[in-house]
């Protein structure tokens with residue numbers, strides 16, 4: 001990791017600032033915190049930082065700050081939005097953020113332009129005359145919404161001052177699109193943006209977090225990728241475990257999880273699988289507990305002692321491989337029986353068991369008889385031993 005990196009955290013709440021700051025510092029990156037008056041107080045100092053991570057809200061000063069960072073050119077800009085109440089967030093990063101699409105665009109993107117497959121650009125803007133700034137205006141298409149049936153664009157530009165579309169929704173729709181999610185997105189932040197449009201952007205970000213928000217760990221991954229931080233998933237997982245431990249302990253006092261014999265913990269991010277496997281396990285006469293990712297699994301193990309853990313391999317936030325590694329490294333949990341669940345036929349049984357310490361493997365879609373056999377076999381072994 002590049003210990004010379006310095007990051008300015010702007011306008012963050014205490015919790016989000018603490019989360020991001022601890023993660024960056026754990027990777028050798030120094031941080032400084034500031035409010036929305038950062039441009040006036042630290043305008044000369046901003047140039048000494050590699051990145052600004054801005055928590056966006058309804059304040060036009062933040063647009064002025066972004067403009068200042070654009071002028072400096074060498075400063076990366078990452079925009080975030082968190083909800084402490086919902087414990088969710090969203091990260092917005094761009095291939096490039098520019099002040100205005102002008103003649104300079106040709107120079108800024110000279111190399112990228114000629115490497116584009118078909119030189120197709122989707123431009124979300126109200127100003128059609130801007131096509132004159134491109135080498136070949138016939139390759140530009142003015143857009144108002146994301147339509148996956150459109151021609152395959154190579155790059156997108158979003159004009160934040162556009163009035164015929166919602167720039168936040170456009171960005172999120174692009175990232176949700178299988179066809180466009182990996183395409184470069186350029187954000188245009190011009191002086192034409194009004195306070196009303198800033199209000200719309202802030203309001204839209206709140207809605208996105210509420211309805212489609214990501215786990216805070218996923219926002220950290222976005223920051224990691226943008227800053228090109230080389231880190232282990234364990235670092236992220238440890239941070240999230242520490243952050244959630246207080247809440248789990250609090251919830252545990254309000255409602256103790258009942259422990260008992262023959263508990264089977266089912267860990268899967270797919271609700272249908274949780275239901276299906278839960279029904280099978282219940283019909284076998286065992287008590288079920290559930291978790292939707294590896295972090296929740298490890299937190300649950302602080303309260304219960306399952307006879308068997310049925311652990312999905314491919315999950316967000318903390319996958320099955322990292323989860324079993326954490327289990328096997330823990331003196332209390334290391335001998336727990338763990339069966340891997342996977343829908344990936346390419347994963348060889350022996351390889352998974354030998355290399356990762358699983359006690360068995362069941363493939364999806366779940367075969368009831370196979371699952372029952374594996375569970376009974378493990379429980380019989382455990383009784384005999």
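None of the figures in this text is laboratory data; all of them are computed from the coordinates on show. Every value quoted in this text rests on a predicted model; they were computed, and no experiment measured them. Cβ placement follows ideal geometry from the backbone for every residue including glycine, while neighbour counts extend to all protein chains displayed.
What does the extension gain come out to for residue 199 and residue 366, with contour length at 0.36 nm per residue minus their alpha carbon separation?
55.3 nm
In nanometres, what is the gap between the two model label sites at residue 84 and residue 33, each 7 Å from Cα along Cα-to-Cβ?
1.0 nm
Against the globular-protein guess of 2.2 N^0.38 Å, express the Cα radius of gyration of segment 274-319 as a ratio, rounded to two decimals.
Scaled against compact globular proteins, the figure is 1.16.
What distance in nm separates the two pseudo spin-label positions at residue 354 and residue 279, each 7 Å out from Cα along the beta-carbon direction?
Modelled inter-label distance: 3.8 nm.
Just to be sure I understand the model, the point goes 7 Å from the Cα along the line to the Cβ. What's the resulting residue 314 to residue 169 distance in nm?
So the label points at residue 314 and residue 169 sit 3.1 nm apart.
Limiting things to C-alpha atoms, what are the Rg and the maximum Cα-Cα separation (Dmax) for segment 156-217, in angstroms?
Expressed in Å, the Cα Rg and Dmax of segment 156-217 come to 12.3, 35.
What is the gain in length, in nm to one decimal, between residue 25 and residue 210 on full extension, counting 0.36 nm per residue of separation less the C-alpha to C-alpha distance?
My answer for the length gained is 63.8 nm.
Can you report the principal axis dimensions of segment 275-369 using only the alpha carbons, biggest first, rounded to whole angstrom?
Cα spread of segment 275-369 along its principal axes, largest to smallest: 33, 31, 23 Å.
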